[in-house]
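These notes concern the structure reproduced below.
The values are calculated or read from the model by the stated rules, or taken from the named source; none is laboratory data. No experiment lies behind these values; they were computed from the predicted model shown. Note that we place each Cβ from the backbone using ideal geometry, even for glycine, and neighbour counts take in every protein chain shown.
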Amino acid sequence: MIRLSSFSKLHVLRKATCLLTPFSGMIHATFKGLMLIFFLTGTLEAQNLRVGAAVRVITPNPLLPVSGGIGIPHPVTEKRGDLFARAMVFEQGAERFAIVNVDNLGWTSVLGNRSRAKIKGIRPENILIGATHTHSAPDAYGFPDASGKNYADLGYLDWCVEQIAAAVNEASANLQPATLKVAMGEAQGKIAYNYYAPSLYDPRCGIIQALASSGPRAGKPIATLVNYAVHPEVLGNSRGILSPDLIGPMYQKIESTIGGVALFMNGAQGGMVTADTRLNYVKEGEQQKEANTWEECIRIGELLAVEAMRIVDKAPILKNPTIYCTARKLEFPIDSEIMRYILQKSPLKYEVTKENFVTTQLNLLNIGPAQILTVPGEALPNVGYYVKRNMNTNMPFLFGLTNDAFGYMLAKVDFNSFKRYDYITQTSLGEMTAEIYMEQAIKLVKESPKPQDQ
Ligand SMILES: [Zn+2]
């Protein structure tokens, strides 16, 4: 009915315009003028998008014990690759935001906010800080043991806070006119699988690449951000090695092949999407042989890099992409006794606004046709799929372990269900964590502008 009536109105209007021939010329001229203004604005916007990137090494010297989760960190005798803080800053008109990745198991807002306070020219809520989730880096939580003692090196963490802020400030200082390529596709080959149920994982790999639009490096990458869900735990924490794990070779392969800075943001890799290091394919309960070597980190990291570069290669160049960034506060009850104990005993002094609740930052970004939501922990792959299909794009990115990393995030029906889920249930804030997240994340999607069409 509505369509019919508006059609007839249009029809009438067209007739009227035909009758008013002297005015139609004016209308056309105005229309042409508007088009010209639109075209000029479009051109100006293209010049307006600027992107910068920078990196800082955060490898401790001397080396420090490494942590793969709750418990006493393991001593190390050697390193394989360096740990980094990597930053990418976007600017368009008054909008400016930063995406940072840190080679660590998790980077809490206690530390992130201290870096935010040292970053110039970007509002704290527009700074996203995510952890790669390597299991071979120093403890950044201050995990207490049974007696309440912790082993975190606070001096090292202070230095990392400085390095992260320095990386973002340098990326801001390096801002240059840029175009974008945004792509998403399935990463092929032996990269990830679900340790609990092999095919229950998300093979989509999202890439955001900024290209210099002028200067001597015109057309070349300023930065390439890879978003993929996987546990970088090929080496783990018990081999006496400090390492970015498979993410290190991924950075290196991208940077040596196409130049610019490589970044990695993890996805919904909880329970239990991990690196595919399987040497044989055994039945449930049988002994799985795995390759837990640095060579395997190189194989998987380089394969992920090659796949990411293949996926982004054919993407069209977006000359006039629009960007958008918004943030909300999220609050979660801490139902888990273990998590309460960690937060109470940690020397990092978590800010508690309400007893047995934690507050964190949830971000939504639109970058050209892509939409990004942050996840403050390790969401299970089904939680990831659900949120992604409720996003306003066919290129949904989830930045896992970003702005906080509060352990696993399971749907309430998964919580305390399979025996397999005992561990992830215990290392989760509670039954409602993922439910609250899904509800609030989708609400934010509904209340935010849609990303531009592809
Ligand atoms: Zn994990």
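So here's what we get for this one:
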read-out: Search result, residues across region 388-407 that are in contact with a strand residue (DSSP E or B) (Cβ under 7 Å, 6 or more places away or on another chain) and in a loop (DSSP other than H, G, I, E, B); value: Met391, Asn392, Thr393, Met395, Gly400, Leu401, Asn403, Asp404, Ala405, Phe406, Gly407
read-out: Region 426-437: number of residues that are surrounded by fewer than 20 Cβ atoms within 10 Å (Cβ to Cβ) and either among the small types (Gly, Ala, Ser) or without any contact (Cβ under 8 Å) to a residue 60 or more places away in the chain (or both); value: 1
read-out: Test set (1) among the aromatic types (Phe, Trp, Tyr); (2) touching a strand residue (DSSP E or B) at 6+ places or on another chain (Cβ under 9 Å); (3) surrounded by fewer than 16 Cβ atoms within 10 Å (Cβ to Cβ) - Trp159 fails condition number; value: (2)
read-out: Residues of region 378-387 satisfying the condition of being surrounded by fewer than 24 Cβ atoms within 10 Å (Cβ to Cβ) and in contact with a strand residue (DSSP E or B) (Cβ under 8 Å, 6 or more places away or on another chain); value: Pro381, Val387
read-out: Odd one out for Lys181, checked against (1) farther than 22 Å from Pro376 by Cα; (2) within 16 Å of the ligand (Cβ to nearest atom); (3) not aliphatic (A, V, I, L, M); value: (2)
read-out: Any chance Ile317 is in contact (Cβ under 8 Å) with a residue 24 or more places away in the chain, crowded, with 20+ Cβ neighbours inside 10 Å and either on the phi < 0 side of the Ramachandran plot or touching a Pro at 6+ places or on another chain (Cβ under 8 Å) (or both); value: no
read-out: Every residue from region 326-371 that is assigned to a loop (DSSP other than H, G, I, E, B) and within 30 Å of Gln92 (Cα to Cα); value: Gly368, Pro369
read-out: Asn266 more than 18 Å from the chain's Cα centre (by Cα) and within 16 Å of the ligand (Cβ to nearest atom); value: no
read-out: Subset of region 118-139 (residues that are within 11 Å of the chain's Cα centre (by Cα) and not hydrophobic (A, V, I, L, M, F, W, C)); value: Gly130, Thr132
read-out: Residue list for region 341-367, filter: of a type in the set (D, E, K, R) and loosely packed, with under 15 Cβ neighbours inside 10 Å; value: Lys349, Glu351, Lys354, Glu355
read-out: Matching strands (runs of 3 or more DSSP E) fully within region 105-209 where at least 2 residues are small (Gly, Ala, Ser); value: 127-131, 176-186
read-out: From Ser136, Ser172, residue being in contact with a Leu (Cβ under 8 Å, 6 or more places away or on another chain) and at pLDDT 95 or above; value: Ser136
read-out: Region 54-72, residues that are away from the ligand (no atom under 16 Å from the Cβ), touching a residue at least 12 places away in the same chain (Cβ under 8 Å), in a loop (DSSP other than H, G, I, E, B) and not aliphatic (A, V, I, L, M); value: Thr59, Pro60, Pro65
read-out: Region 192-241, subset away from the ligand (no atom under 16 Å from the Cβ) and among the β-branched types (Val, Ile, Thr), residue surrounded by the most Cβ atoms within 10 Å (Cβ to Cβ); value: Ile208
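A quick yes/no check of all residues on (1) within 16 Å of the ligand (Cβ to nearest atom); (2) under 23 Å from Gly236 (Cβ atoms):
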| residue | (1), (2) |
| --- | --- |
| Gly81 | no, yes |
| Ala87 | no, no |
| Arg96 | no, no |
| Val100 | no, no |
| Asn104 | yes, yes |
| Asn113 | no, no |
| Lys120 | no, no |
| Arg123 | no, no |
